[in-house]
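See below for the structure under consideration.
The values are calculated or read from the model by the stated rules, or taken from the named source; none is laboratory data. The structure presented is a predicted model; accordingly, all values stated were derived computationally and were not measured. Note: ideal-geometry Cβ built from the backbone for every residue, glycine included; neighbour counts use all protein chains shown. With ligands, DNA and RNA removed, areas are computed over all heavy atoms of the protein, side chains included. Shrake-Rupley method; radii C 1.70, N 1.55, O 1.52, S 1.80 Å.
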Amino acid sequence: MPTYTPPARDTRFVLTELLGLADHPHVPVDADLIDTIVAEAGRFAAEVIAPLNRVADEQGCTRHSDGSVTTPSGFREAYRAYVESGWGTLALSEAHGGQGLPHVLATAVEEYLDSACHAFNMYAGLTHGAVAALIAKGSEELTARYLPKLVSGEWLGTMALTEAQAGTDLGLIRTRAEPHPDGSYRLTGEKIFCSGGEHDLTDNIVHLVLARLPDAPDGSRGISLFVVPKVLPDGSRNAVTCGAIEHKMGVHGSATCAMNFDGAAGWLVGQANGGLAAMFIMMNAARLSCGNQGLAQAELAYQNAVAYVSERKQGRAAGSTAPADPLIVHPDIRRMLMDARAFTEGMRALVLWTALQIDLSHRAESELERAAAEALVGLLTPVIKGFGTDKGFETAVAMQQCFGGHGYIAEYGMEQIVRDARVAMIYEGANGVQALDLAARKLARDEGQVAERFLALVEGACDTADGAVRFVAVPLREAVHEAREAARWLIDNAKRDPDALGAGSYAFMELLGRLALGWMWLRMAEIAARKDDPFHAAKLATARYYAERWLPPCATLTRQIEAGAEAMMALRPEQFVRS
Ligand SMILES: Cc1cc2nc3c(=O)[nH]c(=O)nc-3n(C[C@H](O)[C@H](O)[C@H](O)COP(=O)(O)OP(=O)(O)OC[C@H]3O[C@@H](n4cnc5c(N)ncnc54)[C@H](O)[C@@H]3O)c2cc1C
């Protein structure tokens, strides 16, 4: 059975020592409040939510013949406790019924809940995206009707985008919305893979649905967003039902529903045919949360691997005379544990730093600073989603490897972590699509201006770094050089050959991910070098490991990018079929 201890010391290190939240000029949070939230959220995650994780996996959700869905035992009680203790409303504005605390704090709490039970936290997680879309685009009437109960947690929300023929390419959706004389619409169509589409946690479920108006242009310019509640304002049941739930690899406690809309009443959110913009508001919030899920699963896997390899005795350490030593003495086990530390601690710093940029994009003093913060969030969102979930999964697999055969059987729970972690690489835009978003929208579209601003920021940190952390600054500067070269190559070659961009995009996402974590490690190492205690000494050692092991591959990634698309695209589609 996996156990979970919230990494409170490391979270406090990032929030207070790295980000300086306690005396931040624009996002100040009282130091005692930070400590209280970290401690209380940790206690809630470990004591109330973590015990659900195994049960959720074993029981899954059940759909009944009337279309209703029951969540695993304990979910209803835990959800009630989650709502009562206010964990879902931390960062929502007071004007909307939230607590008005910075997003960066809510993001730290989100990691704990994801580690404790990823499937449970998906119900509330998607609701945050629906709330963001309603705040940004909803009419006064719609927000008055739905926002207070979504914010309070009395109702939960969904994002119903995907259809059988329309996954990545949402321009292909077919669900239709016919205008109704009373100003509402009637929606007809089938959505698949709708997380939390039906459940027993709340009385009402508010679906945010993409559909087409009768005269809509083809493709993504013709999609609109609608609010479709399960229960209508007059208390009657809307014509939206769960037709089936998927039997899937992991996150069994999250009901993944096929939803039928049979002339269901809905209300337009934002402009007609403007659904894509509204959808991106939901998606961007969800993509950052996905990166946090990658981190959370890696952290859970790491903690359990450490416990196992400290106990399990196989083989001897060099020079040992014991019959056998714990696995943790072996360098190859250390390799895996150090990779996991380097990733989780670096990723935690990056996720929280980016969450702080979201706060700054609203709270910084000047328009210029707010816009700069927003641009950096835009650049790093696909990196956090794609790189963060790829490495989160790889970490989960490596930690499973530490268990040998015992990691493969269900008893120790490591195979559940691997199964649960896998989905974050797929949903909210599969990682290949994140890489394309990075290369095409975030890099090539503005000729690399925002990317260059980011690279200059990292380079500046290398230039001014303390001599004591040269061991990170020197290889990091080389990685900046490689990334600049790769960015230039992609921008220049994309004009000549659009496939060149697609062929290099995945390597570019990984390159920026390694670089961004390297930047975090440089900053953490500088802080750690000034302290003299075991926590900071371990940080410094992990920074050294990161510099030696995670930065050198940046050069290889650039060479991969510069290889272009020719060999990758050389075969005709039929040549892939074996004969
Ligand atoms: C457990 C689970 C929960 C989900 N929850 C929700 C939800 O709540 N709401 C919702 O609307 N959807 C949800 N989804 C759907 C999810 O977002 C989609 O599965 C995902 O966006 C990919 O779509 P697809 O499955 O149709 O794959 P496809 O779009 O068919 O893609 C298949 C592969 O092709 C690649 N690909 C696609 N297009 C391109 C391209 N142009 N260039 C290069 N590569 C490309 C992709 O990266 C992917 O690797 C969920 C899915 C799962 C599994």
Subject >> Rg in Å to one decimal, and Dmax rounded to a whole Å, for the stretch 457-511 via C-alpha atoms >> reply: 14.2, 45
Original post:
Which parts of the stretch 390-424 would a label at Ala324 reach, counting a residue when its backbone N lies under 18 Å from a point 7 Å out along Cα-to-Cβ?
Top reply: 401-409, 412
Original post:
Just how far, in whole angstrom, is the stretch 64-103 from the stretch 1-34 if you go by their alpha carbon centroids?
Top reply: 23
Subject >> Rg followed by Dmax, in Å, when the stretch 174-242 is reduced to its Cα trace >> reply: 12.8, 38
**OP:** Send over a whole-number figure in Å² for the accessible area per residue of the chain, probe 1.4 Å.
**Re:** 41
Subject >> trypsin sites (Lys or Arg not before Pro) within the stretch 229-322, DSSP loop, no more than 14 other Cβ atoms inside 10 Å >> reply: Lys248, Arg316
**OP:** Answer rounded, prolate or oblate for the stretch 25-164, using the Cα gyration tensor with square roots of eigenvalues a ≥ b ≥ c: rounded when a/c is under 1.5, else prolate when a/b is larger than b/c, else oblate.
**Re:** oblate
**OP:** Enumerate the lysines that Lys442 could reach by cross-link, defined here as Cα to Cα under 25 Å, with residues fewer than 8 away along the same chain left out.
**Re:** Lys137, Lys385, Lys391, Lys495
Original post:
If the cut-off is 21 Å between C-alpha atoms, which lysines fall inside it for Lys191, apart from same-chain ones fewer than 8 positions away?
Top reply: Lys230, Lys248
Original post:
Can you give the relative contact order of the chain as a percent, counting alpha carbon pairs under 8 Å and 6+ residues apart?
Top reply: 13
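Dividing the convex hull volume of the Cα atoms of the stretch 477-552 by its residue count, what figure in Å³ per residue is obtained? Intermediate results must be reported in sequence, preceding the final value.
Details: hull volume 5.4 nm³, N = 76.
Value for the stretch 477-552: 71 Å³ per residue.
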Subject >> log₁₀ of I(q)/I(0) at q = 0.23 Å⁻¹ - the stretch 223-310, Debye sum with one point per alpha carbon >> reply: -1.19
Original post:
So how far apart, in nm, are the two label points at Ala430 and Asp182 if each is 7 Å from Cα heading toward Cβ?
Top reply: 4.2
Subject >> Calculated FRET efficiency for the pair Glu566/Arg76, C-beta based, R₀ 60 Å, to 0.05 >> reply: 0.60
**OP:** As a check on your grasp of the helix formula, calculate [θ] at 222 nm for the chain: sum -39500 (n - 2.57) over DSSP H runs of n ≥ 4, divide by the residue count, round to the nearest 500.
**Re:** -18000 deg cm²/dmol
Subject >> Computed log₁₀ I(q)/I(0) - Debye formula, equal Cα scatterers, no solvent, the stretch 386-446, q 0.12, 0.15, 0.18 Å⁻¹ >> reply: -0.39, -0.53, -0.65
Original post:
Tell me, in nm to one decimal, what length is gained between Gln449 and Asp332 on full extension, where the rule is 0.36 nm per residue of separation less the Cα-Cα distance?
Top reply: 38.0 nm
Original post:
For the stretch 426-579, what relative contact order do you get, as a whole percent, if you take Cα pairs closer than 8 Å and at least 6 residues apart?
Top reply: 29
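Starting from the Kirkwood radius over alpha-carbon pairs of the stretch 249-291, derive D by Stokes-Einstein at 4 °C in a medium of 1.567 mPa s and give it in µm² s⁻¹.
96
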Original post:
Hey, how much of the P(r) for the stretch 123-208 falls beyond 21 Å, as a percent of Cα pairs?
Top reply: 38
Subject >> the stretch 70-209, relative contact order in percent, only Cα pairs under 8 angstrom and at least six apart counted >> reply: 24
**OP:** With no solvent and one equal point scatterer placed on each C-alpha of the stretch 265-372, evaluate the Debye formula and give log10 I(q)/I(0) for q = 0.09, 0.20, 0.24 Å⁻¹, two decimals.
**Re:** -0.48, -1.06, -1.20
Subject >> Average projection area in nm² (convex hull over Cα atoms of the chain, one quarter of hull surface) >> reply: 29.2
**OP:** Keeping all protein chains in position, work out how much accessible area Glu154 exposes to a 1.4 Å probe, and write it in Å² to the nearest 10.
**Re:** 100
Original post:
What Kirkwood hydrodynamic radius, in Å, does the stretch 307-453 give when the mean of 1/r is taken over all pairs of distinct Cα atoms and then inverted?
Top reply: 18.0
**OP:** With label points built 7 Å along Cα→Cβ from the Cα atoms of His247 and Leu33, find their separation and express it in nm.
**Re:** 4.9
Subject >> Extension gain from Ala440 to Ala136, taking 0.36 nm per residue of separation minus the Cα-Cα distance >> reply: 106.9 nm
Original post:
Radius of gyration and Dmax for the stretch 430-579's Cα atoms, expressed in Å?
Top reply: 17.9, 64
Subject >> Neighbourhood charge, 13 Å Cβ-Cβ cut-off, centred on Glu369 and excluding it, Lys, Arg +1 and Asp, Glu -1 >> reply: -1
